[in-house]
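S.K.: Structure in structure tokens, see below.
The values are calculated or read from the model by the stated rules, or taken from the named source; none is laboratory data. Bear in mind the structure is a predicted one, so any value in this text is a computation, not a measurement. Note that each Cβ is placed from the backbone with ideal geometry, even for glycine, and that neighbours are counted across all protein chains shown. We work out accessible area using only protein heavy atoms, side chains counted, and drop any ligands, DNA or RNA first. Shrake-Rupley method; radii C 1.70, N 1.55, O 1.52, S 1.80 Å.
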Amino acid sequence: MTSTVFTEEKRKIIQDLQESGFASSHVYYLLEDEKINLFENNKLFFDRMHDDPQIKDRITRIKSGNPIRDKNKPFEINQYDFLSRSLGLGDASFIELYLCDDFLDIAESYLGQTPVIRNVLTWMHPGNPLVTRTHSQNWHRDQEDDHNLRIWIYYSDIGPDNGAIEYVKYSSLGMKNNFIAPNIKDGIFPPHGYLNRDQISKIPPHDIVQGCGPVGSIFFVDTNGIHRGGFASSGVRTKSMACYLKPQAYQITNGPLYTFNYNSQKVNYCDYESKDFKTLTERQKKCLK
């Protein structure tokens with residue numbers, strides 16, 4: 001593809017986000033070859049993760065309805081379960097890919113200023129047909145700020161039966177469906193944004209969109225808007241995610257997301273003296289502070 005095609009795809013993503021809080025694309029529609037190589041490197045990480053004996057055991061137990069209950073979301077497998085530590089710049093190319101100019105341009109256009117990044121995560125969600133929704137699988141808002149941007153990249157085919165995200169379009173602050181469950185009360189963000197039954201009953205079915213797509217699909221979502229995801233009844237949902245925020249976002253100013261390294265043991269860690277960090281552009285460095 002020509003650079004003009006990539007530019008037009010980026011413009012369309014920004015327009016869709018500004019209109020509804022939700023947009024989609026694919027690595028082949030948006031990213032040039034160098035970035036595709038980063039994506040392929042991440043696929044190899046997930047291959048190794050899937051073949052790890054401990055991860056295989058977790059997958060089997062989740063599918064059988066007997067997960068290891070050592071964390072808040074026992075249905076979820078993440079990088080810590082595989083690495084026994086946080087994800088860093090040297091682990092495949094996850095952080096590097098989320099720092100690419102294409103993603104930063106989109107986040108900056110949507111948020112209105114140069115973003116910072118929090119919570120670069122890798123996820124596997126094995127399916128179980130017998131379980132019911134729990135935690136983030138229910139309708140909720142993410143409460144980092146009045147607007148955020150999460151970018152999900154799929155490393156498996158994901159459809160209605162294996163955990164596609166569902167989103168209520170136009171539910172971000174300032175849009176027509178925000179009234180369903182206002183996200184700020186007296187200037188304060190509640191610790192969680194879960195909806196009650198009355199609020200759920202007000203969701204217009206025609207405004208619900210599902211993030212279904214093949215390997216390489218990308219979804220751009222303002223998750224302060226109403227959404228739910230991760231509920232898999234079959235297969236395994238495999239994807240990565242990063243959250244882009246304004247530097248003065250509520251949870252950056254008030255905690256817990258003070259810095260990129262806010263949870264350096266289990267989430268992310270950046271060694272600011274490392275060669276990997278020093279080779280980044282100044283724009284990329286600011287995103288990891």
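S.K.: What nm distance separates the two modelled labels at GLU32 and GLN18, each placed 7 Å from Cα along Cα→Cβ?
M.R.: 2.4 nm
S.K.: If you don't mind, there's one more thing I want to ask. Projected area of region 122-161, taken from the Cα convex hull and averaged over every viewing direction, in nm²?
M.R.: The directionally averaged projection comes out at 4.0 nm².
S.K.: Sort LEU130, LEU173, LEU121 from largest to smallest accessible area, using a 1.4 Å probe on the heavy atoms of the protein chains.
M.R.: Largest accessible area first, the residues go LEU130, LEU173, LEU121.
S.K.: Give me the Å³ per residue figure for the convex hull around the C-alpha atoms of the chain.
M.R.: 130 Å³
S.K.: So for MET49, MET175, what's the accessible-area order with a 1.4 Å probe, most first?
M.R.: In descending accessible area the options line up as MET175, MET49.
S.K.: Let me ask you something else. How about LYS176: which lysines have a C-alpha closer than 20 Å to its C-alpha, ignoring those fewer than 8 places off in the same chain?
M.R.: Candidates past the 8-residue exclusion: LYS185, LYS202.
S.K.: Please identify the chymotrypsin sites (Phe, Trp or Tyr not before Pro) of region 239-270 that satisfy two criteria: DSSP loop assignment and at most 12 other Cβ atoms within 10 Å. Which are they?
M.R.: Taking region 239-270 and a limit of 12 other Cβ atoms within 10 Å, the loop chymotrypsin sites (Phe, Trp or Tyr not before Pro) found are TYR258.
S.K.: Any idea how far apart ASN41 and SER274 come out in nm if each label point goes 7 Å out from Cα toward Cβ?
M.R.: Each label point is offset 7 Å from its Cα along the Cβ direction, giving 1.2 nm.
S.K.: Nearest 5 is fine: what % of DSSP beta bridges in the chain come out antiparallel, could you say?
M.R.: 95 percent
S.K.: If you don't mind, there's one more thing I want to ask. Pairs of alpha-carbon atoms within less than 8 angstrom and 6+ residues apart define the contacts here; what relative contact order does the chain have, in percent?
M.R.: Relative contact order, the chain: 28 percent.
S.K.: Multiply the residue gap between LYS71 and THR7 by 0.36 nm, knock off their C-alpha separation, and tell me the result in nm, one decimal place.
M.R.: 18.9 nm
S.K.: Give the Cα extents of region 182-233 along the principal axes, in whole Å, largest first.
M.R.: Principal-axis extents of region 182-233 (Cα, largest first): 42, 22, 21 Å.
S.K.: Still on this model: Per residue, how much accessible area does the chain have with a 1.4 Å probe, in Å²?
M.R.: In whole numbers, the chain has 45 Å² accessible per residue.
S.K.: On a full-extension model of 0.36 nm per residue, what is the gain between LYS202 and SER264, subtracting their alpha-carbon distance, rounded to one decimal in nm?
M.R.: 18.4 nm
S.K.: Would region 46-102 count as rounded, prolate or oblate if I go by the C-alpha gyration tensor, calling it rounded below 1.5 in a/c and otherwise prolate when a/b exceeds b/c, oblate otherwise?
M.R.: Prolate, because a/c is 1.5 or more and a/b exceeds b/c.
S.K.: Explain nothing, just the number: relative contact order of region 1-105, from Cα pairs under 8 Å at least 6 residues apart, as a whole percent.
M.R.: Here the relative contact order equals 25 percent.
S.K.: Could you give the length gained by full extension between GLU282 and ARG133, i.e. 0.36 nm per residue of separation minus their alpha carbon distance, to one decimal place?
M.R.: Gain on stretching GLU282 to ARG133: 49.4 nm.
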